[in-house]
1. Do the conditions hold for Val41, that is, is it surrounded by 11 or more Cβ atoms within 10 Å (Cβ to Cβ), touching a residue at least 60 places away in the same chain (Cβ under 8 Å) and under 13 Å from Val117 (Cβ atoms)?
2. Looking only at residues that are in a loop (DSSP other than H, G, I, E, B) and among the hydroxyl-bearing types (Ser, Thr, Tyr) in segment 4-63, which one is nearest to the chain's Cα centre (by Cα)?
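What follows is calculated from the coordinates using simple rules that are stated; it is not laboratory data. Bear in mind the structure is a predicted one, so any value in this text is a computation, not a measurement. Because the Cβ atoms are built from the backbone with ideal geometry, glycine has one as well, and the counts that use them run over all protein chains shown.
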Amino acid sequence: MADVQQPTEGSKWTHHNGNLYVVLLLANQASTKPEYPVTVVYQGNNGNIWSRLLSDWHRSFTFLALGTPRYNPGEEQEGDRYLNHYRCTHEGRMAQGQPVREWSSTWSCTCNDKCPVCNVEIEPYQSDDLE
């Protein structure tokens, strides 16, 4: 049997009704109590935030793509020279009271990236030369 893609932060999914969603986080991962099951917290293109039990996730969702990976030292790709730092303060996010989203990733240049949650193109606020 093939491995089933598990929801991870920033991964993109489509619901059986056709709507697109981005996983924000998995809650209760450290809990060992059955009354606190692992829950997927996800956001639709319209900005609404939802949650669903991980055990029920694949009943309604189909995997589309992995999101922008977080930077893990030692996992740079060949040719990566810069560690770019991004901060999404998209007006729609802020108007809905959503937190500022920050992430870092390695690139061969100091270039823009898309927010893994709202898909808005973001310019790096800082770029560190890895060489």
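1. Working: surrounded by 11 or more Cβ atoms within 10 Å (Cβ to Cβ): yes; touching a residue at least 60 places away in the same chain (Cβ under 8 Å): no; under 13 Å from Val117 (Cβ atoms): yes.
No: the conditions fail for Val41.
2. Here is the first cut: in segment 4-63, the residues in a loop (DSSP other than H, G, I, E, B) are 4-11, 16-19, 28-38, 45-48, 60.
Filter once more, keeping what is among the hydroxyl-bearing types (Ser, Thr, Tyr): 8, 11, 31-32, 36, 60.
Details: Thr8: 7, Ser11: 5, Ser31: 22, Thr32: 25, Tyr36: 22, Ser60: 19 Å.
Filtering first and then ranking leaves Ser11.
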